[in-house]
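The block underneath contains the structure these notes are about, expressed in structure tokens.
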Amino acid sequence: MEFGDASLLPENDAAWRLDYYQHDAQMDYYGTRLATCSSDRSVKIFDVRNGGQILIADLRGHEGPVWQVAWAHPMYGNILASCSYDRKVIIWKEENGTWEKTHEHTGHDSSVNSVCWAPHDYGLILACGSSDGAISLLTYTGEGQWEVKKINNAHTIGCNAVSWAPAVVPGSLIDQPSGQKPNYIKKFASGGCDNLIKLWKEEEDGQWKEEQKLEAHSDWVRDVAWAPSIGLPTSTIASCSQDGRVFIWTCDDTSGNTWSPKLLHKFNDVVWHVSWSITANILAVSGGDNKVTLWKESVDGQWVCISDVNKGQGSVSASVTEGQQNEQ
Amino acid sequence: MKLKEVDRTAMQAWSPAQNHPIYLATGTSAQQLDATFSTSASLEIFEFDLSDPSLDMKSCATFSSSHRYHKLIWGPHKMDSKGNVSGVLIAGGENGNIILYDPSKIIAGDKEVVIAQNDKHTGPVRALDVNIFQTNLVASGANESEIYIWDLNNFATPMTPGAKTQPPEDISCVAWNRQVQHILASASPSGRATVWDLRKNEPIIKVSDHSNRMHCSGLAWHPDVATQMVLASEDDRLPVVQMWDLRFASSPLRVLENHARGILAIAWSMADPELLLSCGKDAKILCSNPNTGEVLYELPTNTQWCFDIQWCPRNPAVLSAASFDGRISVYSIMGGSADGLRQKQVDKLSSSFGNLDPFGTGQPLPPLQIPQQTAQHNIVLPLKKPPKWTRRPVGASFSFGGKLVTFENGRVQAQQGAEPHHHVFVSQVVTEEEFLRRSDQLQQVVRSQGFVSYCQKKIEASQTEFEKNVWSFLKVNFEDDSRGKYLELLGYRKEDLGKKIAVALSKVDGPNACIKEGKQESEFLPSAGGTFNISISGDIDGLITQALLTGNFESAVDLCLHDNRMADAIILAIAGGQELLAQTQKKYFAKSQSKITRLITAVVMKNWKEIVESCDLKNWREALAAVLTYAKPDEFSTLCDLLGTRLENEGDSLLQTQACLCYICAGNVEKLVACWTKAQDGSNPLSLQDLIEKVVILRKAVQLTQAMDTNTVGVLLAEKMSQYANLLAAQGSIAAALAFLPENTNQPNIVQLRDRLCKAQGQPIPGQESSKTPYDRQQLPKGRPGPVAGHTQMPRVPAQQYYPHGENPPPPGFIMHGNVNPNAATAQLPTSPGHMHTQVPPYPQPQRPQNGWNDPPALNRVPKKKKMPENFMPPVPITSPIMNPLGDPQSQMLPQQPSVPAPLSSQASFPQPHLAGGQTFHGVQQPLGQPGMPPSFSKPNIEGAPGAPIGNTIQHVQSLPTEKITKKPIPDEHLILKTTFEDLIQRCLSSATDPQTKRKLDDASKRLEFLYDKLREQTLSPTIISGLHNIARSIESRNYSEGLTIHTHIVSTSNFSETSAFMPVLKVVLTQANKLGV
């Protein structure tokens, strides 16, 4: 094997049982606060510094299971977005130590399945994907106002995931004349129940237009994740599906807009979630068999499973240790 | 929300779950006639394509059939996982016939699509079901209580599940159990359901509510619970769905009374056991939870009844319903708006007609007003409860610091009643053990300053010659006489060369030397002792003589040159003065054509640029050697750089990598990074580690050797360092990442990363709590100005006072300036190189205003240097022959000659404190120089040829006049104030526990500098002075409240501007002391 096997070291007490079905758990930018959301309609925020787990806030406002939470970049303050089966998106903000609802978006006709903040360079923009097939984009325009743009029928019978492309200025990767506002091209990817991944691009007139359709999955696309930029002229997207497949899509930016898929693995069950490491070299794949696996691209371009985190029914720390043993 | 529509009066069957794409097969219904009363029949296959936004379904194939159908199912028999074979369509006909079709052949348009056919049944075959465990087993039901089990592999002879039930009745439904493969249920319009055990080949239980009104139109097993099933009744008097559990078969477990009229069909979702579809004669399609009876969803339909309803096996949110108005509709139960679809249809319509003037009337169409109520109607709410398939059971997301946050929900085991478990946990992902190990090593080296041994280890471990070279070069930076060592590395050992020269001289001159010498002696003897003849003849000699006699050196030299008497010419030129000498040299070089002339030219003319710029790149080593030997410190780096750049730009790939060596000599970190990166794949963590090891070591070296220009962090270096720090952070080594991050840069990526790392460490504000960074502990002692009495603790100022919020936080422990005792100049002289190392901060310090508002004025220290290239005296250029005319007044005027006394070479490596602000000793030595002291020649201990590097052996013994740059001492009688106050702060500091107090005290200590300054200047009024002494006394007696009273008195009686700089802090100190009780 090319790589040393990954090892997962349990953090002290950084595991806990909860009473309700958990739908998402996301760390903030610094990795010091954890937001979780669950079927009891709540969003909870924990302070997890130094291995602790202090409940800071229990946010109530949704009327259905809360599917996802997303932290905004801290340069805008402590802001969290959540989306729910209740068709609402709520944006929460911490003011003077207390968390409060700052905005409620009710523009969807069905469950809102995914929320994702745009790269902070663009300002505060939130993309929301819904089972009504639409994707809405909320842009903060100041003074508590949010402007809404909606892409109707983005994915027939439902959009399951949205993920922004990293902020990269076309043409120049490093050098940008200072003082000049970079000419970003805003893009994001979405995946849906039409088995498609779609790439959306903001036109010069501010309208969002479908730029690409990526077809490879034979069932619902459950998640898409655009890899963080590491300064290479290649864009990478990971997608996973009900069909058990995980694809890595790459596009060499210099060669225009051709995306080619590479099958990372075909699992025996639904793959629900994919997540890139910050350095974009490891992909965490969460499968319906309750397994989390870590994958890394080898020198010859093959994706290799470097760790298999198989949780048992016992205590969590033990189960993580077990993950260490179950290496492929 | 309606997705698709097909205008057919037909039975329907979805392709099996394995199949992709999704097809919907329709077979003309036998029970219902469409509006045309057509008796023709067909089997059609449509593709369910969601990427097509229109309501139409694409027809893939139509097969004209001679049969009409009562039931149609699509089994996955013989399908492989890839779906290459698309299963088998099983149709129940009107006359006891069951027909097997091959759907792939239908799609392909084949004529022969029937696999097999059997008409063993009596009457219409209304019931069909495929066993999900053995997909070759199909159950069928028809009239006369007939139930057959068919094996698709052996279709000719069906089996029976047991003896026929009596009295004979029609079989309206059959269904295989979803958990136990040998259990089958059947039901009939009479209201009875029978459960068969195929192993026993008999009915095991009969289910009936004995109401006689239960008219079974539908039967379905619970997807998960083996003993539960539902029965639906078509009777308008009892329009119910009954939920039965066979363990309590006396009465239904639950009755769902949601329909107003008889139920025509039901379908239980395989994807979510809480979703049961039912359609009835009340024209409703409902989705209920059979486990609670709650209606979760009502599909928006027209007023027509549906007689068949099916979940799509592959897409769990999709269902199809066949209605009596001759239409099959495909719906999503996820709600949503159909406006988009409709709008698309309108668009499609308009485009067909032409957008503006569809009918050529000359008038554009008015914009279409969709009636308000329609719009409202189009919004369909989703299911009341989220379907099971929308709930993620597990998910793991990366977060900063290589942490993986995982949530996990255990499978709910309904029948076992097992407690579902929900976990969230955080794990640290570590994938690069080797990388971390090496990074840790590097950190330890930086901490312990063991650079030489580190480099040595690296040299020994080097796999390639080049790598070895690089490390050797890096190592030299930390050794004495670095230039000499560089030369050795380039293959020029002075000792070796000396030997070689000796050998060469003995060979050439050996035998003849005596004779020559003898000759010379005999020639010179008379001239030395006796008289000699001054010839003034007309030949050249005579002319020269005449010229000399008239003091016309210029002409004499010209004559010599003309006569090719080079030695004479040069000797004369020396006597003729500097200008003449230079001219003569030039003329000489113009005439001389030997191979090494250019080198000699360069050496003499000090034109190293010429060598570096024009040498053959194959000779880069020689060029570098020359630069190492001769170049002055101010041009040394530039020349090395220049050579490196040439190698990089003009050389082949081999030479390009050698440029790295030049950059190492030049101490040019940025260029080293650029050059290295060009050659290596930097994305791999280990190769990045390779680079960073060198960069960190080189930066250390540069800090040690060059006080200037180490503070800038170039774009590329910043990029690499932040990449490196990011990698470390991604492996969970946040502290290490912080340690390696360059501190003094405004590169935004670094500033951002630093902020992120600090906060990730749990530090609220970066910079403020920077004492937690690993290097700070190292640095605190470094900040002390050496063994000076009364300075046991360095005063500290909260970092944010230097840098307003948002700016680049200062590096931890940046307190190199400040509080320098006037006597420190001598005290600071380190006594050993080891000690000296600790004086150097791990990373260069930012250039900042040296006199901050709370900085003490005057003397600032710059990090000490090990070797001081500024002081490096280049070899004296050979502007004169070896025999320097001692005492010749003109030679004293030669520039460039250091007019300082010869140093002791043993002192060579000692650093020197020197002026801040980039002023070097070069600048000041001239006025200090002692006229008459011998120039370079007076350094007798220099080995090698004249002109060899001697610079780093120079030690300035004279110290500069210190009055101008140091503070006056505090008058002895007031020194007690300083020691008392400082001692008090120390005591407070040692007993204070919270960082805030410590910061306050540090700040106070700093600010008291103002008081000491005033004491030095003796500008304080006697009242204040005596008041301060009173305070000091009260401190000594530990009576702080008394001290505070005196303090108040002083403040109230004195001039505010006189005391405002230090009195408030003194109060802080007293208050703290009182509080802490020290």
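The values are calculated or read from the model by the stated rules, or taken from the named source; none is laboratory data. Keep in mind that what you see is a predicted model, and the values were worked out from it rather than measured. All Cβ positions, glycine included, derive from the backbone under ideal geometry; neighbour counts span all protein chains shown.
Given the condition of a type in the set (Val, Ile, Thr) and either free of Cβ contacts under 8 Å to residues at least 24 places away in the same chain or surrounded by fewer than 21 Cβ atoms within 10 Å (Cβ to Cβ) (or both), answer yes or no: does some residue in region A:215-233 qualify?
Checked region A:215-233: at least one residue is of a type in the set (Val, Ile, Thr) and either free of Cβ contacts under 8 Å to residues at least 24 places away in the same chain or surrounded by fewer than 21 Cβ atoms within 10 Å (Cβ to Cβ) (or both).
Quick check on this structure: which one of B:Ala1032, B:Ala1061 is surrounded by 15 or more Cβ atoms within 10 Å (Cβ to Cβ), modelled with pLDDT of 80 or more, among the aliphatic types (A, V, I, L, M) and within 18 Å of B:Leu977 (Cβ to Cβ)? Walk me through it before giving the result.
Details: B:Ala1061 fails: modelled with pLDDT of 80 or more.
Exactly one residue qualifies, and that residue is B:Ala1032.
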| message | Residue under question is A:Val69, and the condition is that it be closer than 29 Å to A:Asp252 by Cβ, hydrophobic (A, V, I, L, M, F, W, C) and out of contact with any helix residue (DSSP H, G or I) (no Cβ under 9 Å at 6 or more places or on another chain); does it hold? | response | no
| said: If a residue must be surrounded by fewer than 18 Cβ atoms within 10 Å (Cβ to Cβ) and closer than 21 Å to B:Pro189 by Cβ, how many such residues does region B:209-254 contain? | reply: 8
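Within region B:1051-1058, does at least one residue satisfy the condition of being modelled with pLDDT under 85, touching a Leu at 6+ places or on another chain (Cβ under 8 Å), β-branched (Val, Ile, Thr) and surrounded by 15 or more Cβ atoms within 10 Å (Cβ to Cβ)?
no
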| Matching residues, region B:427-453, being more than 19 Å from B:Leu727 (Cα to Cα), free of Cβ contacts under 8 Å to residues at least 24 places away in the same chain and either at the interface with chain A (Cβ under 10 Å from one of its Cβ atoms) or assigned to a loop (DSSP other than H, G, I, E, B) (or both) | B:Gly450
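Yes or no, residue by residue, for (1) buried (at least 21 other Cβ atoms within 10 Å of the Cβ); (2) within 14 Å of chain B (Cβ to nearest Cβ); (3) free of Cβ contacts under 8 Å to residues at least 24 places away in the same chain:
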position: A:Tyr85; (1), (2), (3): yes, yes, no
position: A:Trp92; (1), (2), (3): yes, no, no
position: A:Glu95; (1), (2), (3): no, no, yes
position: A:Gly133; (1), (2), (3): yes, yes, no
position: A:Glu143; (1), (2), (3): no, no, yes
| message | What's the number of the only condition in (1) more than 8 Å from chain B (Cβ to nearest Cβ); (2) at pLDDT below 90; (3) part of a strand (DSSP E or B) that A:His265 fails to meet? | response | (2)
| task | Count, please, the residues in region B:641-656 that happen to be in contact with a Lys or Arg (Cβ under 9 Å, 6 or more places away or on another chain) and closer than 16 Å to B:Leu489 by Cβ. | result | 1
| Residue list for region A:221-237, restricted to those being in a strand (DSSP E or B) and either within 12 Å of another protein chain (Cβ to nearest Cβ) or of a type in the set (Val, Ile, Thr) (or both) | A:Val221, A:Arg222, A:Asp223, A:Val224, A:Ala225, A:Thr234, A:Thr236, A:Ile237
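Let's see how each residue does on (1) crowded, with 17+ Cβ neighbours inside 10 Å; (2) within 18 Å of the chain's Cα centre (by Cα):
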residue	(1), (2)
A:Ala57	yes, no
A:Val69	yes, yes
A:Gly77	no, no
A:Lys101	no, no
A:Leu126	yes, yes
A:Ser130	yes, yes
| What residue, among those in region A:33-46 that are crowded, with 22+ Cβ neighbours inside 10 Å and of a type in the set (Ser, Thr, Tyr), is farthest from the other protein chains (Cβ to nearest Cβ)? | A:Ser38
| query | Pick from A:Arg49, A:Arg60: which is at negative phi and within 12 Å of another protein chain (Cβ to nearest Cβ)? | reply | A:Arg49
| remark: How many residues of region B:446-488 are surrounded by fewer than 21 Cβ atoms within 10 Å (Cβ to Cβ) and among the hydrophobic types (A, V, I, L, M, F, W, C)? The answer is 4
